[in-house]
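Enquirer: Handing you a structure now.
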Amino acid sequence: MSKGENIIAQYNLSCCYLYGNGVNKNHDKAFELFEKSAKRGYSKGINYLRYCYRHGVGTSTDRQKAFKLYQKAANSGNTYGLCNLRDRYENGIGTVIDKQKVFEIYQKAADSGINRE
């Protein structure tokens, strides 16, 4: 990590640009900062970067890249990433429907105590 770079602060700043909190909305800047935090392994940054690719926020829509980021976020322990990955397999978004994977993700969530309600 370079001196003065904080991946959590980059992520938080990204959200400000994404939603226009205290600043004009700037999806290009939000994408840039989400990408920086994701490249450095921050699971929330990874999860939001997949959102950008999924919805074309600050970049072009790319469901395959989004799906790979769903996997990366889930594998990094991000609760929302895991739940979103389950949804992709269940509905065939960016991948084929795979009920076995859905079951495995539910099992992983149950075993880890992940709660998303």
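Enquirer: For the structure I just gave you, tell me whether residue 94 is over 21 Å from residue 15 (Cα atoms), surrounded by 14 or more Cβ atoms within 10 Å (Cβ to Cβ) and modelled with pLDDT under 85.
Expert: So residue 94 fits the description; yes.
Enquirer: Would you check which residues across region 47-89 are surrounded by fewer than 20 Cβ atoms within 10 Å (Cβ to Cβ), among the polar types (S, T, N, Q) and under 15 Å from residue 35 (Cα atoms) and list them?
Expert: 59, 60, 61
Enquirer: Sticking with this structure for a sec: Which ranges mark the helices (runs of 4 or more DSSP H) fully within region 10-117 that have 2 or more residues being in contact with a Lys or Arg (Cβ under 7 Å, 6 or more places away or on another chain) and among the β-branched types (Val, Ile, Thr)?
Expert: Per the criteria, 99-112.
Enquirer: Among what's in region 97-113 and is surrounded by 16 or more Cβ atoms within 10 Å (Cβ to Cβ) and among the aliphatic types (A, V, I, L, M), pick the residue that is modelled with the lowest pLDDT.
Expert: Here the residue is 109.
Enquirer: I need the full set of residues from region 1-57 which are in contact with a helix residue (DSSP H, G or I) (Cβ under 6 Å, 6 or more places away or on another chain) and at positive phi, in order please.
Expert: 22
Condition check ((1) at pLDDT 90 or above; (2) of a type in the set (A, V, I, L, M)) across all residues:
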position: 39; (1), (2): yes, no
position: 44; (1), (2): yes, no
position: 49; (1), (2): yes, yes
position: 54; (1), (2): yes, no
position: 57; (1), (2): yes, yes
position: 61; (1), (2): yes, no
position: 70; (1), (2): no, no
position: 75; (1), (2): no, no
position: 78; (1), (2): no, no
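Enquirer: Quick check: is even one residue across region 57-70 without any contact (Cβ under 8 Å) to a residue 24 or more places away in the chain and within 13 Å of the chain's Cα centre (by Cα)?
Expert: Looking for residues that are without any contact (Cβ under 8 Å) to a residue 24 or more places away in the chain and within 13 Å of the chain's Cα centre (by Cα), one finds at least one in region 57-70, hence yes.
Enquirer: Which is surrounded by fewer than 22 Cβ atoms within 10 Å (Cβ to Cβ), free of Cβ contacts under 8 Å to residues at least 40 places away in the same chain and over 30 Å from residue 96 (Cα atoms), of 13, 33?
Expert: Checking each option against the conditions leaves just 13.
Enquirer: Still on this structure, I have one more. Kindly evaluate residue 43 against the criterion of being closer than 25 Å to residue 112 by Cα and over 9 Å from the mean Cα position of the chain (by Cα).
Expert: no
Enquirer: Return yes when residue 51 is of a type in the set (Phe, Trp, Tyr) and closer than 21 Å to residue 9 by Cα and no when it is not.
Expert: Yes.
The values are calculated or read from the model by the stated rules, or taken from the named source; none is laboratory data. Worth saying up front: this structure is predicted, and the values here are computed from it rather than measured. Here Cβ is always computed from backbone atoms with ideal geometry, including for glycine, and neighbour counts include all displayed protein chains.
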